[in-house]
Amino acid sequence: MRKRPVPSNDAAVRNRYAELGVEVYYREEGSDYNNPHFPQIRQLLLNNRHRIDFSHSLDFCCGSGEVSKVVLEMGFPLPSASDPFTAEAYGRNFDAECLPWSFDDVIRGKAEGRFSSVICSFAMHLCPEKKLFPLTRQLLSMAPQLVVVTPHKRPDLSKLEGVQLDFEDAWRTERGKSVFLKSYSLR
Ligand SMILES: C[S@@+](CC[C@H](N)C(=O)[O-])C[C@H]1O[C@@H](n2cnc3c(N)ncnc32)[C@H](O)[C@@H]1O
């Protein structure tokens, strides 16, 4: 069966999420994944390089390794990476393992390791609201710093008990939409 073209703008992706559900969407399309907002992700990571500990980071929900590319470009070690659906896309860019951790795996304690920071770009808003608290607490038990890059104001993790926002930044797309970077730790 011929695959449908991968949607190239935010509205088309949202339509596909609504049609299929997020997980089925990435199961079907994840091997072709790349992010048209890479320039904003890159700029935000470069701008905040002195406030993020990239020495042993985890690129959580890594897609095709958008965050990892920038971390390497800045001269830091290749982050560990995880994503349940995009190992093929990640493997085209890096000769390294993509761990298959889902939100639920992390919540259930199946993800192991200690990291200097967990960086989750364009994915934390995909986690159902009721799972955000256990996911965030679990990620912050794996690293002292959780950095979320998001095209939305949500999720606001500082509303969660025991979690604090340490700093934030924003960068605009050519169309004037903001992409946000927020860094959290345990209070
Ligand atoms: C919009 S992409 C972001 C990828 C990359 N981090 C970036 O900045 O471009 C969202 C990612 O979340 C992953 N994802 C979707 N559902 C997930 C789940 N339940 N658990 C973990 N990751 C999930 C997808 O496979 C996809 O790679």
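Just so you know, all these numbers are worked out from the coordinates, no wet-lab data involved. Just so you know, these numbers come straight off a predicted model, no measurement behind them. With ideal geometry, Cβ positions are generated from the backbone for all residues, glycine too; neighbour counts draw on all protein chains shown.
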Quiz item: Percent antiparallel among DSSP beta bridges with both residues in region 36-186, to the nearest 5?
Solution: 55 percent
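Where the convex hull is taken over the Cα atoms of the chain, what is its projected area averaged over directions, in nm²?
Answer in nm², one decimal: 10.5.
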Quiz item: Fewest first, what order do 116, 121 take by the number of other Cβ atoms within 10 Å?
Solution: 116, 121
Quiz item: Which residue, chosen from 25, 91, 9, occupies the Cα position most advanced towards the positive end of the dipole of the chain, where the dipole is computed from +1 (Lys, Arg) and -1 (Asp, Glu) charges on Cβ about the Cα centre?
Solution: 9
Quiz item: Points 7 angstrom from Cα along the Cβ direction at residue 159 and residue 187: gap in nanometres?
Solution: 1.4 nm
Quiz item: Distance from the Cα centre of region 138-187 to that of region 6-73, in angstrom?
Solution: 15 Å
Practice problem: Quick one: net charge around residue 158, please, counting Lys, Arg +1 and Asp, Glu -1 for every other residue with C-beta under 14 Å from its C-beta. | Solution: +2
Self-check item: Formal net charge of residues neighbouring residue 45 (Cβ-Cβ distance under 12 Å; K, R +1; D, E -1)
Solution: 0
Quiz item: What residue among 101, 72, 45 has its Cα farthest toward the positive end of the dipole of region 1-160, where the charges are +1 on Lys, Arg and -1 on Asp, Glu, each on the Cβ?
Solution: 45
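Taking only DSSP H segments of four or more residues, each worth -39500 (n - 2.57), what value at 222 nm results for the chain once the sum is divided by all its residues, to the nearest 500 deg cm²/dmol?
On the way: 7 runs with 63 residues, N = 187.
Taking each H run of at least 4 residues, the total per residue is -9500 deg cm²/dmol.
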Quiz item: Which residue, 137, 27, 42, tops the fluctuation ranking in a GNM of the chain built on C-alpha contacts under 10 Å?
Solution: 27
Exercise. Treating only the Cβ atoms of Lys and Arg (+1) and Asp and Glu (-1) as charged, compute the dipole magnitude of the chain about its Cα centre; round to the nearest 20 debye.
Key: 460 debye
